[in-house]
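The next block holds one structure in the form of structure tokens; read it before the comments.
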Amino acid sequence: MARWTSRRRLEAVIHREKPDRPPVALWRHFPVDDQRAASLADVHQRFAESFGWDLLKVSPAATYPLVPWGLEDAWQGDVWGRRTILKHPVRDSEDWARLVPPDPRQGTPGMTLEALTDLARHLEPHVPVFQTIFSPLIQAKYLAGEELLLVHLRRSPEALHQGLQHITEATLRYLEALRTTGVSGVFYAVQHARYAWLSEEEYRTFGRPYDLALLGYAREHFDFVMLHLHGQDIMFHLFADYPVHIWHWHDRETPPSLQEAQALVPGAVAGGLRRETLLLGAPDDVLREVREAWEQTQGRGWILTTGCVLALTTPEGNVRAARKAVEALGSEG
């Protein structure tokens, strides 16, 4: 029988087959190091190799696509590694029409492509590398700020649609350039499918068409596409038919459970761990949550992850406990 590689494990769980052990991957931001290609690649490669993750989810600064449009940000010590936005380029509804898709090979987008090329050279094909792509609505939030985005969504919908079209075109150009790097995965992040922010109809209008344009391209040209639904009280059922291979959300904090989701989607689910458990708990707490997730899925169609990025102060012992837990499950059969 062929040796189990990380790629083979991912392919197995996507097809609901049982691998030698569950795939596992955690991820985090690397502030300051995420501003240069060489350091962005170096810290991610060392993180992947140190813990033996089955996929490397690359976490550049969330604002990387938007600096060419005049966004300004700074590292100010956020515990999750996020940069603070100092200047939103969109100040009124007319600004959406002024967005011109930049060259993805220049500036901060180009810097990430350089880092991803380096990572793919060292890790692919055995350990798939996933680049983070933010939905057009998330990018619009960074460009305008959350409050102004919602005002434009409800008071200037045509202007916002024009902006979302420009953002989608820019992201498609980036995905085209991403194909040349050699990475095999896309991690597509959605934040606004939450009842606290939008209605289902609003998401169907301002989110879904642009998501599907990007995901359709990603599904055609990349081996793995993972969907991330961020936050509480999510509209999970709206995404069950999305053209992705892996569904990922804060399963420990908001419905559905891993088991419930497996009845709704055809591919793999990813989750099982609370970020707070890794931050504040002990290795035994981590092991308990891993076993609970195993019981829900019986090890089929499941990747062990947390719901989002690790806090920068997460103890290494807890991170290693997650990695050791899947080895133990594999040895148990």
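The values are calculated or read from the model by the stated rules, or taken from the named source; none is laboratory data. Everything numeric here is computed off the predicted structure, so don't read it as measured data. Using ideal geometry, Cβ is built from the backbone for each residue, glycine included, and neighbour counts are taken over all protein chains shown.
Inside region 69-93, can you point out the residues that are touching a helix residue (DSSP H, G or I) at 6+ places or on another chain (Cβ under 7 Å) and either part of a strand (DSSP E or B) or not polar (S, T, N, Q) (or both)? Residues satisfying the conditions are W69, L71, I85, H88, P89, V90. Taking region 42-94 as the range and being of a type in the set (G, A, S), closer than 20 Å to T306 by Cα and touching a residue at least 24 places away in the same chain (Cβ under 8 Å) as the test, the residues that pass are A48, G52, S59, A61, A62, G81. Is at least one residue of region 243-258 outside any loop (DSSP other than H, G, I, E, B) and in contact with an Asp or Glu (Cβ under 6 Å, 6 or more places away or on another chain)? Scanning region 243-258, I find at least one residue that is outside any loop (DSSP other than H, G, I, E, B) and in contact with an Asp or Glu (Cβ under 6 Å, 6 or more places away or on another chain), so the answer is yes. The set of residues from region 100-127 being over 27 Å from Q162 (Cβ atoms) and charged (D, E, K, R) comprises E114, D118, R121, E124. Of the residues making up region 112-124, at least one is in contact (Cβ under 8 Å) with a residue 12 or more places away in the chain, among the acidic types (D, E) and part of a loop (DSSP other than H, G, I, E, B).
Here is a check on your reading of the model: is P19 over 30 Å from S156 (Cβ atoms), assigned to a loop (DSSP other than H, G, I, E, B) and not hydrophobic (A, V, I, L, M, F, W, C)? Considered against the rule, which asks whether it is over 30 Å from S156 (Cβ atoms), assigned to a loop (DSSP other than H, G, I, E, B) and not hydrophobic (A, V, I, L, M, F, W, C), P19 comes out as yes. When we screen V244, V265, V225 for residues that are within 15 Å of the chain's Cα centre (by Cα) and either without any contact (Cβ under 8 Å) to a residue 40 or more places away in the chain or within 21 Å of T205 (Cα to Cα) (or both), the only hit is V244.
Applying the criterion of being within 22 Å of V244 (Cβ to Cβ) and not aliphatic (A, V, I, L, M) to the residues of region 105-125, the residue that is modelled with the lowest pLDDT is P125.
Within region 170-219, if we keep just the residues that are β-branched (V, I, T) and out of contact with any strand residue (DSSP E or B) (no Cβ under 7 Å at 6 or more places or on another chain), the residue that is farthest from H245 (Cα to Cα) turns out to be T205.
For the criterion of being among the small types (G, A, S) and either buried (at least 21 other Cβ atoms within 10 Å of the Cβ) or not in a helix (DSSP H, G or I) (or both), A159 fails.
The set of residues in region 43-60 being among the small types (G, A, S), assigned to a loop (DSSP other than H, G, I, E, B) and surrounded by 21 or more Cβ atoms within 10 Å (Cβ to Cβ) consists of S59 alone. Scanning region 220-268 for residues that are of a type in the set (D, E, K, R), under 21 Å from I14 (Cβ atoms) and out of contact with any strand residue (DSSP E or B) (no Cβ under 6 Å at 6 or more places or on another chain) yields E220, D223, D241, E260.
Residue pairs whose Cβ atoms lie under 6 Å apart, separated by 6 or more positions or on different chains, with the first residue in region 1-29 and free of Cβ contacts under 8 Å to residues at least 24 places away in the same chain and the second not hydrophobic (A, V, I, L, M, F, W, C), are W4/D20; A12/P19.
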